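Participant: Would you mind keeping the following structure in view while I ask a few things?
Derivation of every value follows stated rules applied to the coordinates shown; laboratory data play no part. It should be emphasised that the depicted structure is a prediction, and the values quoted were computed from it without experimental measurement. Cβ placement follows ideal geometry from the backbone for every residue including glycine, while neighbour counts extend to all protein chains displayed.
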Amino acid sequence: MENSFISSKDGSTFLGKGFIHITGKSGYKAISNEWNKIYPQDKKEFHGKDIGLLETDREVALKASMVFWKLNNLNKVADGGTSPENVEVIGKIVNGGENGMPERKKYTAAASKIIK
């Protein structure tokens with residue numbers, strides 16, 4: 001996660017923000033680096049001065065979530081379908097997989113029925 005000592009307040013600074021709840025200083029840096037490759041005319045420093053945009057700017061928060069999705073090659077995983085097992089794989093990559101898993105599976109199954 002690359003967070004520093006407790007006195008640095010990194011833990012509270014780099015807690016889950018944005019639609020996908022990016023966590024840890026290293027996560028914020030990774031999103032910044034990839035964002036700046038994809039959007040060179042709109043550079044961001046999410047591990048610094050632009051961190052607040054993940055909470056105040058919906059477009060930036062959505063794009064940052066998409067950058068996370070790309071960085072973690074989640075399209076390839078998602079192409080495997082909406083089975084409970086696949087939902088678990090994606091959930092583990094996004095947030096460790098345990099928190100909210102029953103609800104995630106339930107909502108994914110319900111959404112899949114509507115979309116089909």
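Participant: Quick check: residue separation of Thr56 and Asp79 times 0.36 nm, minus the Cα distance between them. What number comes out in nm?
Facilitator: Working: separation 23, 0.36 × 23 = 8.28 nm, distance 3.10 nm.
Result for the pair: 5.2 nm of gain on full extension.
Participant: Normalise the Cα radius of gyration of the stretch 28-97 by 2.2 N^0.38 Å (N = residues in it) and let me know the number. List each step's numbers first, then the result.
Facilitator: Numbers: Rg = 13.5 Å, N = 70, 2.2 N^0.38 = 11.1 Å.
Normalised Rg, Cα atoms only: 1.22.
Participant: Please sort 109-116, 78-85, 66-73, 28-35 by packing, taking for each peptide the average over its residues of neighbouring beta carbons within 10 angstrom, highest first. Spell out each step's value before the answer.
Facilitator: Working: 109-116: 9.4, 78-85: 12.2, 66-73: 16.2, 28-35: 19.9.
Result, highest mean Cβ count within 10 Å first: 28-35, 66-73, 78-85, 109-116.
Participant: Let me ask something else. So, R0 is 30 Å and r is the distance between the beta-carbons of Val89 and Asn33; what FRET efficiency does that work out to, to 0.05? Spell out each step's value before the answer.
Facilitator: Numbers: r = 25 Å, r/R0 = 0.82.
About 0.75, to the nearest 0.05.
Participant: So, one more: What does the charge add up to near Asn86, with Lys and Arg as +1, Asp and Glu as -1, over the other residues with Cβ less than 14 Å from its Cβ? Kindly include the intermediate steps, with their values, before the conclusion.
Facilitator: Working: positive: Lys76, Lys92, Arg104, Lys105; negative: Asp79, Glu85, Glu88.
Here the charged neighbours net out to +1.
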